[in-house]
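Data first, discussion second: the structure below is written as structure tokens.
The values are calculated or read from the model by the stated rules, or taken from the named source; none is laboratory data. Remember, it's a predicted structure, so these values are computed and weren't measured experimentally. Cβ atoms come from the backbone with ideal geometry, glycine included; neighbour counts cover every protein chain shown. Accessible surface is based on the protein model in full, side chains and every heavy atom, while ligands, DNA and RNA are left aside. Shrake-Rupley method; radii C 1.70, N 1.55, O 1.52, S 1.80 Å.
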Amino acid sequence: NDFRCVFSRWAMRRALRLLTCSIPRLDRDIVRNEGSLSPELKEYARRLVTRYDEAMTRLAAKGNRSVSSADYKLLSRTISELRPAVEMYEQLEKKQNELGELKNMVVEDNSMRNLVEEDKQRLLAELREIEAHVCQAITPRDSADSNSAILEVRAGTGGEEAALFTGEMLTAYQRLATRRHWIFEELHRSESEKGGIKEASVSVVGDGVFGMLKCECGVHRVQRVPQTDAFGRVHTSTMTVAVLPQPREIELQLNPVDLKVETFRSG
């Protein structure tokens, strides 16, 4: 099934804020209305912490040569992916402990009681915000999100104006790559008569490129007075974007014993 996402990055971030939380195989009421996390979600987060600790322990054993080079890269990637979720969950537990200490405090003075109540409300607000971040951090990611990507742009309906719009979109992606210190390399370009782009393919190399650009896939539309119209009429033009993940390099070891070499001569 073809996956098409017409949301822009802004729309995706907006949608994530509106969603309570979306975790596979967990019920929708995992996050209660009062902001506290359910035991199921806490248990899921603890399992991630356990995986993180195990990966750190195995990685520390690299000095004992008990971890291969391939496992070392895999462990490093696992730690990098889990670290944000683990740090957010540890921050959540810290705030929960602070709130528990405040609730257990016995204060007789009215002024001090008011201060303690203000601290409780502040911590509750911080907890709700942290819990929302924890939900996003522990949401399982696509396995290819951290890969580099091949980006293809193609002019659609609109003739020359669509080609000019496609060129502007490609420039925008190039500026994004520069801003994020990605390597942006053109593989193919077909230009129109007035300097627009009919189609182009580029390689974007960097960490998390596919995860950032995959939601750009689909049809993009612009409505404006084009440079190609002498009467000042508003035109609608479209262009399409396709994003494919680049496979990661793997280490392949061939045993000479497993090779079969045959030599032939003609005549």
Elements of type strands (runs of 3 or more DSSP E) in the range 161-267, at least 2 residues being under 24 Å from R77 (Cα atoms) and under 21 Å from the mean Cα position of the chain (by Cα) | 183-191, 197-205, 235-245
Taking R51 as the residue in question, decide whether it is at negative phi and modelled with pLDDT under 50.
-> no
Where residues in the range 160-192 are among the charged types (D, E, K, R) and closer than 27 Å to P247 by Cβ, which of them is most open to solvent (accessible area, probe 1.4 Å)?
-> R179
Pair list, Cβ < 6 Å and 6+ apart or interchain, from the range 29-50 residues that are closer than 13 Å to A132 by Cα to residues that are open to solvent by 50 Å² or more (accessible area, probe 1.4 Å) and modelled with pLDDT under 60 = V31/T20
Can you find even one residue in the range 193-206 that is of a type in the set (V, I, T), out of contact with any Phe, Trp or Tyr (no Cβ under 7 Å at 6 or more places or on another chain) and surrounded by fewer than 18 Cβ atoms within 10 Å (Cβ to Cβ)?
-> no
With (1) touching a residue at least 12 places away in the same chain (Cβ under 8 Å); (2) of a type in the set (S, T, Y); (3) farther than 14 Å from E161 by Cβ as the list, and S190 as the residue in question, which single condition is left unmet?
-> (1)
Condition set open to solvent by 80 Å² or more (accessible area, probe 1.4 Å) and acidic (D, E), scope the range 110-133, selection nearest to P39 (Cα to Cα): answer is E129
Of all residues in the range 233-255 being open to solvent by 100 Å² or more (accessible area, probe 1.4 Å), free of Cβ contacts under 8 Å to residues at least 12 places away in the same chain and not aliphatic (A, V, I, L, M), the one that is farthest from G156 (Cα to Cα) = Q253
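Working only within the range 110-169, note down all residues that are hydroxyl-bearing (S, T, Y) and in contact with a helix residue (DSSP H, G or I) (Cβ under 7 Å, 6 or more places away or on another chain).
Correct list: S146, S148.
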Within the range 137-159, how many residues turn out to be open to solvent by 50 Å² or more (accessible area, probe 1.4 Å) and in a helix (DSSP H, G or I)?
-> 0
